[in-house]
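Single-structure report; data block below.
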Amino acid sequence: MKIDTLNALLEAELKDLYDAEKRLVKAIPKMAKGATSEELRDALQEHLEVTKGHVQRLEQAFELLQRPAKAKPCAGMKGLIEEGEEVMSEDASDELMDAAIIGAAQRVEHYQMAAYGTARTFAERLGNQKVASLLQETLDEEKEADEKLTEISEQLLASMDMGSEMESDGASARKSSQRGSARTSRA
């Protein structure tokens, strides 16, 4: 595809996003399955349904542009999904795995926010407010998903901090006890 106009560039962006969203429809269930936190699993399942709506919204945008809804392989999303799969294959505690899944999911959200913001700006510049509005609606949902993941992450990390403080306090108590035992045995 030759990109010689802003219209062609917008179409290329939409094809890229279309592929990215379709890949996510397949990837999100795997992430949800790997999550141990019920809240994270529910958030991922909820976002899966929202993502299916993103696919439909992109199809509407193609229709408004009178272009066929076609995907162009999105190397960026492919890489982000592969990274997520890689991290989920690691040996980690439940809490750390959930934190890793959240990190992978947030990288996806940030990639999408950048892509949707760019495509929306192109549509606005072309004076196509209907397409711009569709893209803005999805951009808003991606931001909401990112915020929800941040909330879950903060809760998870707060519970981990309390656990590690207790572990740390326990280790300090053991070291003090060992030092005390060593002094007693020298005396």
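The values are calculated or read from the model by the stated rules, or taken from the named source; none is laboratory data. Since the model is a prediction, treat every value here as computed from it, not as a measurement. For neighbour counting, all protein chains shown are included, and Cβ atoms are generated from backbone atoms with ideal geometry for every residue, glycine included.
Would you confirm whether any residue within the stretch 59-76 is outside any loop (DSSP other than H, G, I, E, B), under 12 Å from the mean Cα position of the chain (by Cα) and of a type in the set (Phe, Trp, Tyr)?
No, that holds for no residue.
Evaluate the following for Ile101: is it assigned to a helix (DSSP H, G or I), of a type in the set (A, V, I, L, M), more than 30 Å from Ile3 (Cβ to Cβ) and at pLDDT 95 or above?
So Ile101 fits the description; yes.
Say we look at the stretch 107-124 and pick out the residues that are in contact with a Lys or Arg (Cβ under 9 Å, 6 or more places away or on another chain) and either closer than 26 Å to Ser153 by Cβ or of a type in the set (S, T, N, Q) (or both); which of these is surrounded by the most Cβ atoms within 10 Å (Cβ to Cβ)? If you could, list the steps in order and put the result at the bottom.
Here is the first cut: in the stretch 107-124, the ones in contact with a Lys or Arg (Cβ under 9 Å, 6 or more places away or on another chain) are 109, 113, 123.
Filter once more, keeping what is either closer than 26 Å to Ser153 by Cβ or of a type in the set (S, T, N, Q) (or both): 109, 113.
Working: Glu109: 22, Met113: 17.
Taking the candidates together, the pick is Glu109.
What tally of residues in the stretch 77-95 results from selecting those that are of a type in the set (A, V, I, L, M) and either closer than 22 Å to Glu11 by Cα or more than 16 Å from the chain's Cα centre (by Cα) (or both)?
Count: 2.
Considering the stretch 29-51 alone, what residues qualify as being of a type in the set (A, V, I, L, M) and either outside any helix (DSSP H, G or I) or more than 14 Å from the chain's Cα centre (by Cα) (or both)?
If the condition is that a residue be of a type in the set (A, V, I, L, M) and either outside any helix (DSSP H, G or I) or more than 14 Å from the chain's Cα centre (by Cα) (or both), then Ala35 is the only one that fits.
Based on this model, can you work out whether Glu13 counts as under 30 Å from Ile152 (Cβ atoms) and not hydrophobic (A, V, I, L, M, F, W, C)?
Details: under 30 Å from Ile152 (Cβ atoms): yes; not hydrophobic (A, V, I, L, M, F, W, C): yes.
So Glu13 fits the description; yes.
Please specify each residue of the stretch 29-62 satisfying the condition of being modelled with pLDDT under 95 and among the β-branched types (Val, Ile, Thr).
Scanning the stretch 29-62 gives a single hit, Thr36.
Can you find a residue that is assigned to a helix (DSSP H, G or I), surrounded by 13 or more Cβ atoms within 10 Å (Cβ to Cβ), without any contact (Cβ under 8 Å) to a residue 24 or more places away in the chain and hydrophobic (A, V, I, L, M, F, W, C) anywhere in the stretch 134-154?
Scanning the stretch 134-154, I find no residue that is assigned to a helix (DSSP H, G or I), surrounded by 13 or more Cβ atoms within 10 Å (Cβ to Cβ), without any contact (Cβ under 8 Å) to a residue 24 or more places away in the chain and hydrophobic (A, V, I, L, M, F, W, C), so the answer is no.
Which one of these does Gly127 not meet: (1) buried (at least 18 other Cβ atoms within 10 Å of the Cβ); (2) outside any helix (DSSP H, G or I)?
(1)
Regarding Lys26, is this residue part of a helix (DSSP H, G or I) and out of contact with any helix residue (DSSP H, G or I) (no Cβ under 8 Å at 6 or more places or on another chain)? Even if it seems obvious, please write down each step before you answer.
Values: part of a helix (DSSP H, G or I): yes; out of contact with any helix residue (DSSP H, G or I) (no Cβ under 8 Å at 6 or more places or on another chain): yes.
Against the criterion (part of a helix (DSSP H, G or I) and out of contact with any helix residue (DSSP H, G or I) (no Cβ under 8 Å at 6 or more places or on another chain)), Lys26 qualifies.
Given the criterion within 22 Å of Ala145 (Cβ to Cβ), out of contact with any strand residue (DSSP E or B) (no Cβ under 9 Å at 6 or more places or on another chain), polar (S, T, N, Q) and surrounded by 17 or more Cβ atoms within 10 Å (Cβ to Cβ), identify the matching residue among Thr51, Thr36. Talk me through it step by step, then tell me what you get.
On the way: Thr36 fails: surrounded by 17 or more Cβ atoms within 10 Å (Cβ to Cβ).
After applying the criteria, what remains is Thr51.
Can you tell me which condition Glu46 does not meet? The list is (1) closer than 18 Å to Glu141 by Cα; (2) touching a helix residue (DSSP H, G or I) at 6+ places or on another chain (Cβ under 6 Å), and all the others hold.
(2)
Within the set of pairs 6+ apart or on separate chains, which have a first residue in the stretch 35-48 that is within 21 Å of Lys22 (Cβ to Cβ), a second that is among the small types (Gly, Ala, Ser) and part of a loop (DSSP other than H, G, I, E, B), and C-beta atoms under 7 Å apart?
If the second residue must be among the small types (Gly, Ala, Ser) and part of a loop (DSSP other than H, G, I, E, B), the pairs left are Leu44/Ala35.
Hey, any hits in the stretch 67-88 for a residue that's within 16 Å of Asp146 (Cβ to Cβ), basic (Lys, Arg) and either surrounded by 14 or more Cβ atoms within 10 Å (Cβ to Cβ) or out of contact with any strand residue (DSSP E or B) (no Cβ under 8 Å at 6 or more places or on another chain) (or both)?
If we filter the stretch 67-88 for residues that are within 16 Å of Asp146 (Cβ to Cβ), which is where we start, we get 77, 80, 84.
Subset that is basic (Lys, Arg): none.
For the stretch 67-88, residues within 16 Å of Asp146 (Cβ to Cβ), basic (Lys, Arg) and either surrounded by 14 or more Cβ atoms within 10 Å (Cβ to Cβ) or out of contact with any strand residue (DSSP E or B) (no Cβ under 8 Å at 6 or more places or on another chain) (or both): absent.
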